[in-house]
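**Student:** Dropping the structure in here first, questions after.
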Amino acid sequence: MENEPAGAFDFQTVTSDALSDIAGYLPYLAGGLAILLAGWLIARIVRATARRMLGGVNRILGRTFRRGALSGARLSTTAISILSELLFWTVLLLSAAVAARLARLPAVSGWLDQIAAWMPGFLVGVVIIIVGYFISLVVGEQVATSARAAKAGQSALMGKLVQSGILIAAVIIGLDQIGVDVTFLVALFAVSVGAIFVGFSIAFGFGAREYVSNLIGARTARQYIKPGTMLRIGDITGEVLEITATQIALDTAEGLTLVPARMTDESAIVIVSDDKSEGPHSG
(Lines give C-alpha, C1' and ligand atoms only; values in the text may rest on other atoms or scores of the structure.)
Protein backbone atom coordinates (compact mmCIF):
# COMPACT_ATOMS: atom_id res chain seq x y z
CA MET A 1 0.00 0.00 0.00
CA GLU A 2 1.45 3.32 -1.07
CA ASN A 3 2.09 6.01 1.55
CA GLU A 4 -0.41 8.89 1.64
CA PRO A 5 0.86 12.31 0.57
CA ALA A 6 2.04 14.63 3.33
CA GLY A 7 -0.72 16.83 4.69
CA ALA A 8 -3.50 14.51 3.54
CA PHE A 9 -6.71 14.47 5.58
CA ASP A 10 -6.78 11.51 7.97
CA PHE A 11 -10.49 11.11 8.81
CA GLN A 12 -9.90 8.26 11.20
CA THR A 13 -7.36 10.22 13.24
CA VAL A 14 -9.53 13.34 13.38
CA THR A 15 -12.57 11.32 14.42
CA SER A 16 -10.57 9.53 17.04
CA ASP A 17 -9.22 12.80 18.44
CA ALA A 18 -12.70 14.34 18.49
CA LEU A 19 -14.18 11.37 20.29
CA SER A 20 -11.31 11.44 22.74
CA ASP A 21 -11.91 15.14 23.44
CA ILE A 22 -15.63 14.55 23.88
CA ALA A 23 -15.00 11.64 26.20
CA GLY A 24 -12.58 13.77 28.22
CA TYR A 25 -15.10 16.64 28.41
CA LEU A 26 -18.09 14.51 29.41
CA PRO A 27 -17.12 14.31 33.11
CA TYR A 28 -16.95 18.11 33.30
CA LEU A 29 -20.28 18.44 31.49
CA ALA A 30 -21.87 15.83 33.74
CA GLY A 31 -20.51 17.59 36.83
CA GLY A 32 -21.88 20.93 35.63
CA LEU A 33 -25.30 19.44 34.91
CA ALA A 34 -25.32 17.77 38.34
CA ILE A 35 -24.48 21.08 40.03
CA LEU A 36 -27.19 22.82 38.00
CA LEU A 37 -29.77 20.19 38.92
CA ALA A 38 -28.82 20.33 42.59
CA GLY A 39 -29.01 24.12 42.49
CA TRP A 40 -32.46 23.98 40.92
CA LEU A 41 -33.70 21.65 43.66
CA ILE A 42 -32.16 23.84 46.38
CA ALA A 43 -33.68 26.95 44.77
CA ARG A 44 -37.14 25.36 44.88
CA ILE A 45 -36.67 24.50 48.55
CA VAL A 46 -35.50 28.04 49.31
CA ARG A 47 -38.50 29.51 47.48
CA ALA A 48 -40.99 27.34 49.36
CA THR A 49 -39.26 28.08 52.69
CA ALA A 50 -39.26 31.81 51.98
CA ARG A 51 -42.98 31.77 51.26
CA ARG A 52 -43.70 29.99 54.54
CA MET A 53 -41.42 32.32 56.51
CA LEU A 54 -42.89 35.49 55.00
CA GLY A 55 -46.38 34.16 55.67
CA GLY A 56 -45.27 33.59 59.26
CA VAL A 57 -44.03 37.18 59.44
CA ASN A 58 -47.50 38.35 58.42
CA ARG A 59 -49.08 36.23 61.14
CA ILE A 60 -46.65 37.57 63.75
CA LEU A 61 -47.39 41.14 62.66
CA GLY A 62 -51.11 40.45 62.91
CA ARG A 63 -50.81 39.14 66.47
CA THR A 64 -48.29 41.74 67.66
CA PHE A 65 -49.65 44.92 66.12
CA ARG A 66 -53.40 44.85 66.49
CA ARG A 67 -53.60 48.65 66.62
CA GLY A 68 -51.61 51.61 65.42
CA ALA A 69 -49.63 52.18 62.26
CA LEU A 70 -48.62 48.53 61.85
CA SER A 71 -52.14 47.17 62.32
CA GLY A 72 -52.51 47.01 58.54
CA ALA A 73 -48.85 46.46 57.70
CA ARG A 74 -48.64 43.18 55.85
CA LEU A 75 -46.69 41.76 52.95
CA SER A 76 -49.13 41.24 50.12
CA THR A 77 -49.35 37.95 48.23
CA THR A 78 -47.68 39.63 45.27
CA ALA A 79 -44.80 40.93 47.40
CA ILE A 80 -44.27 37.48 48.94
CA SER A 81 -44.23 35.89 45.49
CA ILE A 82 -41.75 38.45 44.15
CA LEU A 83 -39.37 38.05 47.09
CA SER A 84 -39.59 34.26 46.90
CA GLU A 85 -38.89 34.27 43.16
CA LEU A 86 -35.92 36.60 43.69
CA LEU A 87 -34.43 34.12 46.15
CA PHE A 88 -35.16 31.25 43.75
CA TRP A 89 -33.38 32.90 40.84
CA THR A 90 -30.49 34.06 43.02
CA VAL A 91 -29.76 30.50 44.14
CA LEU A 92 -30.26 29.18 40.61
CA LEU A 93 -27.92 31.77 39.07
CA LEU A 94 -25.25 31.07 41.68
CA SER A 95 -25.56 27.38 40.90
CA ALA A 96 -25.44 28.05 37.16
CA ALA A 97 -22.27 30.13 37.60
CA VAL A 98 -20.59 27.29 39.49
CA ALA A 99 -21.84 24.75 36.94
CA ALA A 100 -20.54 26.79 33.98
CA ARG A 101 -17.15 27.14 35.64
CA LEU A 102 -17.02 23.39 36.33
CA ALA A 103 -18.14 22.63 32.76
CA ARG A 104 -15.32 24.82 31.45
CA LEU A 105 -17.52 27.34 29.68
CA PRO A 106 -15.54 30.56 30.31
CA ALA A 107 -17.80 32.86 28.31
CA VAL A 108 -20.97 31.66 30.04
CA SER A 109 -19.34 31.49 33.48
CA GLY A 110 -18.01 35.05 33.14
CA TRP A 111 -21.47 36.40 32.28
CA LEU A 112 -23.12 34.42 35.07
CA ASP A 113 -20.43 35.51 37.54
CA GLN A 114 -21.32 39.14 36.89
CA ILE A 115 -25.02 38.48 37.50
CA ALA A 116 -24.28 36.36 40.58
CA ALA A 117 -22.06 39.13 41.99
CA TRP A 118 -24.86 41.68 41.45
CA MET A 119 -27.74 39.63 42.92
CA PRO A 120 -26.71 39.73 46.63
CA GLY A 121 -26.47 43.51 46.52
CA PHE A 122 -29.86 43.62 44.85
CA LEU A 123 -31.40 41.45 47.57
CA VAL A 124 -29.79 43.52 50.33
CA GLY A 125 -31.16 46.69 48.73
CA VAL A 126 -34.66 45.23 48.57
CA VAL A 127 -34.45 44.16 52.23
CA ILE A 128 -33.29 47.65 53.24
CA ILE A 129 -36.27 49.22 51.47
CA ILE A 130 -38.73 46.79 53.08
CA VAL A 131 -37.25 47.23 56.58
CA GLY A 132 -37.16 50.99 56.07
CA TYR A 133 -40.84 50.91 55.16
CA PHE A 134 -41.78 49.20 58.43
CA ILE A 135 -39.50 51.48 60.46
CA SER A 136 -41.07 54.53 58.82
CA LEU A 137 -44.53 53.31 59.84
CA VAL A 138 -43.50 52.82 63.48
CA VAL A 139 -41.59 56.11 63.81
CA GLY A 140 -44.28 58.08 61.98
CA GLU A 141 -46.95 56.70 64.30
CA GLN A 142 -44.84 57.50 67.37
CA VAL A 143 -44.26 61.07 66.21
CA ALA A 144 -47.97 61.58 65.51
CA THR A 145 -48.89 60.10 68.91
CA SER A 146 -46.36 62.31 70.71
CA ALA A 147 -47.61 65.37 68.83
CA ARG A 148 -51.21 64.58 69.80
CA ALA A 149 -50.18 64.09 73.43
CA ALA A 150 -48.44 67.48 73.37
CA LYS A 151 -51.59 68.98 71.80
CA ALA A 152 -49.61 70.13 68.79
CA GLY A 153 -51.53 70.99 65.65
CA GLN A 154 -51.27 68.92 62.47
CA SER A 155 -50.01 65.88 64.38
CA ALA A 156 -51.08 63.53 61.57
CA LEU A 157 -49.22 65.63 59.00
CA MET A 158 -46.09 65.63 61.15
CA GLY A 159 -46.24 61.83 61.40
CA LYS A 160 -46.68 61.47 57.63
CA LEU A 161 -43.76 63.80 56.92
CA VAL A 162 -41.45 61.84 59.23
CA GLN A 163 -42.66 58.56 57.72
CA SER A 164 -42.08 59.84 54.18
CA GLY A 165 -38.61 61.12 55.05
CA ILE A 166 -37.49 57.78 56.52
CA LEU A 167 -38.99 55.84 53.61
CA ILE A 168 -37.30 58.03 51.00
CA ALA A 169 -33.97 57.70 52.82
CA ALA A 170 -34.40 53.89 52.89
CA VAL A 171 -35.18 53.82 49.17
CA ILE A 172 -32.09 55.90 48.37
CA ILE A 173 -29.86 53.67 50.52
CA GLY A 174 -31.42 50.54 49.00
CA LEU A 175 -30.93 51.76 45.43
CA ASP A 176 -27.33 52.69 46.21
CA GLN A 177 -26.78 49.17 47.57
CA ILE A 178 -28.27 47.73 44.39
CA GLY A 179 -25.83 49.76 42.33
CA VAL A 180 -28.01 52.58 41.04
CA ASP A 181 -26.37 56.01 40.88
CA VAL A 182 -28.35 57.99 43.47
CA THR A 183 -26.40 61.24 43.28
CA PHE A 184 -29.29 63.04 41.60
CA LEU A 185 -31.83 61.50 44.01
CA VAL A 186 -29.77 62.57 47.03
CA ALA A 187 -29.54 66.13 45.71
CA LEU A 188 -33.27 66.19 44.94
CA PHE A 189 -34.10 64.83 48.40
CA ALA A 190 -31.88 67.41 50.10
CA VAL A 191 -33.45 70.25 48.11
CA SER A 192 -36.97 68.97 48.85
CA VAL A 193 -36.29 68.66 52.58
CA GLY A 194 -34.75 72.12 52.63
CA ALA A 195 -37.75 73.60 50.82
CA ILE A 196 -40.15 71.89 53.25
CA PHE A 197 -38.29 73.20 56.28
CA VAL A 198 -38.14 76.71 54.84
CA GLY A 199 -41.87 76.57 54.11
CA PHE A 200 -42.62 75.36 57.62
CA SER A 201 -40.40 78.06 59.10
CA ILE A 202 -42.18 80.77 57.16
CA ALA A 203 -45.61 79.35 57.99
CA PHE A 204 -44.67 78.99 61.65
CA GLY A 205 -43.31 82.52 61.70
CA PHE A 206 -46.55 83.97 60.38
CA GLY A 207 -48.73 81.69 62.46
CA ALA A 208 -46.78 82.19 65.70
CA ARG A 209 -46.52 85.96 65.42
CA GLU A 210 -49.95 86.61 66.90
CA TYR A 211 -49.49 83.87 69.50
CA VAL A 212 -46.21 85.40 70.71
CA SER A 213 -47.81 88.85 70.74
CA ASN A 214 -50.60 87.51 72.95
CA LEU A 215 -48.07 85.91 75.30
CA ILE A 216 -46.22 89.20 75.67
CA GLY A 217 -49.48 91.12 76.12
CA ALA A 218 -50.69 88.72 78.83
CA ARG A 219 -47.41 89.07 80.71
CA THR A 220 -47.66 92.85 80.57
CA ALA A 221 -51.33 92.80 81.68
CA ARG A 222 -50.53 90.74 84.80
CA GLN A 223 -48.19 93.49 86.00
CA TYR A 224 -50.94 96.11 86.14
CA ILE A 225 -54.29 94.31 86.10
CA LYS A 226 -55.75 91.99 88.71
CA PRO A 227 -58.93 89.89 88.61
CA GLY A 228 -61.90 92.01 89.73
CA THR A 229 -60.64 95.15 88.02
CA MET A 230 -63.11 97.08 85.88
CA LEU A 231 -61.37 97.54 82.59
CA ARG A 232 -62.05 99.23 79.26
CA ILE A 233 -60.08 98.02 76.26
CA GLY A 234 -61.05 99.88 73.14
CA ASP A 235 -64.83 99.86 73.12
CA ILE A 236 -65.11 96.81 75.42
CA THR A 237 -65.79 97.37 79.12
CA GLY A 238 -66.03 94.64 81.72
CA GLU A 239 -64.73 93.08 84.90
CA VAL A 240 -61.54 91.07 84.63
CA LEU A 241 -62.25 87.46 85.52
CA GLU A 242 -58.97 85.87 84.53
CA ILE A 243 -55.82 86.52 82.55
CA THR A 244 -54.84 83.36 80.70
CA ALA A 245 -51.63 82.73 78.74
CA THR A 246 -52.98 84.53 75.67
CA GLN A 247 -56.35 86.11 76.58
CA ILE A 248 -58.10 88.38 79.06
CA ALA A 249 -61.51 87.10 80.18
CA LEU A 250 -63.97 89.94 80.82
CA ASP A 251 -67.46 89.82 82.30
CA THR A 252 -69.29 92.37 80.15
CA ALA A 253 -72.91 93.35 79.77
CA GLU A 254 -73.14 90.98 76.80
CA GLY A 255 -71.62 88.11 78.80
CA LEU A 256 -68.22 86.47 78.91
CA THR A 257 -65.87 88.15 76.45
CA LEU A 258 -62.39 86.87 75.61
CA VAL A 259 -60.08 89.65 74.51
CA PRO A 260 -56.73 88.83 72.86
CA ALA A 261 -53.99 89.87 75.28
CA ARG A 262 -52.05 91.65 72.55
CA MET A 263 -54.69 94.39 72.65
CA THR A 264 -53.03 95.64 75.85
CA ASP A 265 -50.16 96.78 73.63
CA GLU A 266 -52.23 97.78 70.62
CA SER A 267 -55.09 99.70 72.25
CA ALA A 268 -55.52 102.19 75.06
CA ILE A 269 -56.47 100.55 78.37
CA VAL A 270 -58.54 102.37 80.96
CA ILE A 271 -58.79 100.99 84.47
CA VAL A 272 -62.28 102.12 85.42
CA SER A 273 -62.24 100.82 88.98
CA ASP A 274 -60.76 98.18 91.22
CA ASP A 275 -64.06 97.82 93.10
CA LYS A 276 -66.01 94.77 92.02
CA SER A 277 -69.23 96.40 93.18
CA GLU A 278 -69.03 98.73 90.22
CA GLY A 279 -69.05 95.89 87.70
CA PRO A 280 -71.43 95.84 84.75
CA HIS A 281 -73.88 93.59 86.58
CA SER A 282 -73.99 95.55 89.88
CA GLY A 283 -77.47 96.66 90.84
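The values are calculated or read from the model by the stated rules, or taken from the named source; none is laboratory data. These figures come from a predicted structure and were not determined experimentally. All Cβ positions, glycine included, derive from the backbone under ideal geometry; neighbour counts span all protein chains shown. SASA here: full protein model, heavy atoms, side chains in, ligands and nucleic acids out. Shrake-Rupley method; radii C 1.70, N 1.55, O 1.52, S 1.80 Å.
**Student:** Name the single residue that is surrounded by the most Cβ atoms within 10 Å (Cβ to Cβ) among those in region 159-186 being in contact (Cβ under 8 Å) with a residue 24 or more places away in the chain and over 17 Å from residue 142 (Cβ atoms).
**Tutor:** Among them, the one singled out is 174.
**Student:** Quick one: what pairs do we get from region 48-74, first residue more than 22 Å from residue 159 (Cα to Cα), second open to solvent by 40 Å² or more (accessible area, probe 1.4 Å) and modelled with pLDDT of 75 or more, C-beta under 8 Å, 6+ apart or different chains?
**Tutor:** 50/87; 51/81
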